[in-house]
Amino acid sequence: MIEEGDIIERHGKRYRVNTESDHLGEPWKEHDGHGPVSEWTRRAKRPGERVLCEDRGSKRYYDAEEATKIAKRDGWDGPPYGGTARQKAHRAVQADYDRLRRWCNGDWCWVGVVVTEICTCDKGHEHDGESASLWGIESDAGGDYLEQVANELIDELQ
């Protein structure tokens, strides 16, 4: 599992792996496949909506009713997979709402994986060499995925 600042040695070369915050916007704006989310508002919740997050009296609402219609139409599903179209849609909408809520609560964010070759000059001093990166990764993607990304970036640099 890759940790921040880890050094990976491959083919006689050394590489430092870092993750950096990526300042992408809201997941529902960055990617398709999410239910509708309101802008910040002070209005009351409408039928079929759920409070996604709130701050100083303003709220964002997740339109679960509309998301369910989209999920049925587009065949969304969520674990445990299978069942009727209605069951699949309800599970998928709940999973989507939960995921977006975790983002709003700061439980995950977008990151970039940056791999930098560590070079040694004639006098033995180390300095940064070439680097490669991949951005827009969910911070909770898991160590195995981040390690896979780091190794693929090292392959690009060789």
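Where a number appears in this text, it was derived from the coordinates with a stated rule and is not lab data. Owing to the predicted nature of the structure, the values given are computational and were not obtained by experimental measurement. We place every Cβ from the backbone using ideal geometry, glycine too, and count neighbours over all the protein chains shown.
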Handout entry: Total charge dipole magnitude, the stretch 17-137, about the Cα centre, Cβ charges on Lys, Arg, Asp, Glu only, Debye to nearest 20
Key = 1240 debye
Exercise for the section: Work from the charge dipole of the chain (Cβ charges, +1 for Lys and Arg, -1 for Asp and Glu, about the Cα centre) and give the residue of Gly25, Tyr15, Val51 farthest towards its positive end. Expected result: Val51
Practice task
Under 26 Å between C-alpha atoms is the cut-off here; go through the chain and count lysine pairs that meet it, provided they're at least eight residues apart or on different chains.
Solution key: 13
Problem - Positive dipole terminus of the chain, leading residue within Gln148, Asn105, Pro36 (C-beta point charges) - result: Pro36
Completion exercise
Labelled set [x] 37, 20, 18; [y] 20, 19, 17; [z] 42, 19, 10; semi-axes √(5λ) of the Cα gyration tensor in Å computed from this model equals the value at [z]
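What FRET efficiency, computed as 1/(1 + (r/R0)^6) with R0 = 35 Å and r the Cβ-Cβ distance, is obtained for Gln148 and Ser58, rounded to the nearest 0.05? Can you show the working numbers first?
Working: r = 39 Å, r/R0 = 1.12.
The calculated FRET efficiency here is 0.35.
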Exercise for the section: Please report, in whole Å, how far the alpha carbons of the stretch 27-104 spread along each principal axis, starting with the longest. Expected result: 40, 24, 18
Handout entry: DSSP loop trypsin sites (Lys or Arg not before Pro) with at most 10 other Cβ within 10 Å: longest gap in the chain
Key = 57-122
Handout entry: Cβ-based net charge around Ser58, under 13 Å, with every Lys or Arg adding one and every Asp or Glu removing one
Key = +3
Practice task
Starting from the Cα-Cα distance between Leu157 and Lys45, subtract it from 0.36 nm times their residue separation and give me the gain in nm to one decimal.
Solution key: 35.2 nm
Handout entry: Where no second cysteine Cβ lies under 4.7 Å, the cysteines concerned in the chain
Key = Cys109, Cys119, Cys121
Exercise for the section: Could you work out the local net charge near Gly33, counting Lys and Arg as +1, Asp and Glu as -1, over the other residues with Cβ closer than 11 Å to its Cβ? Expected result: -3
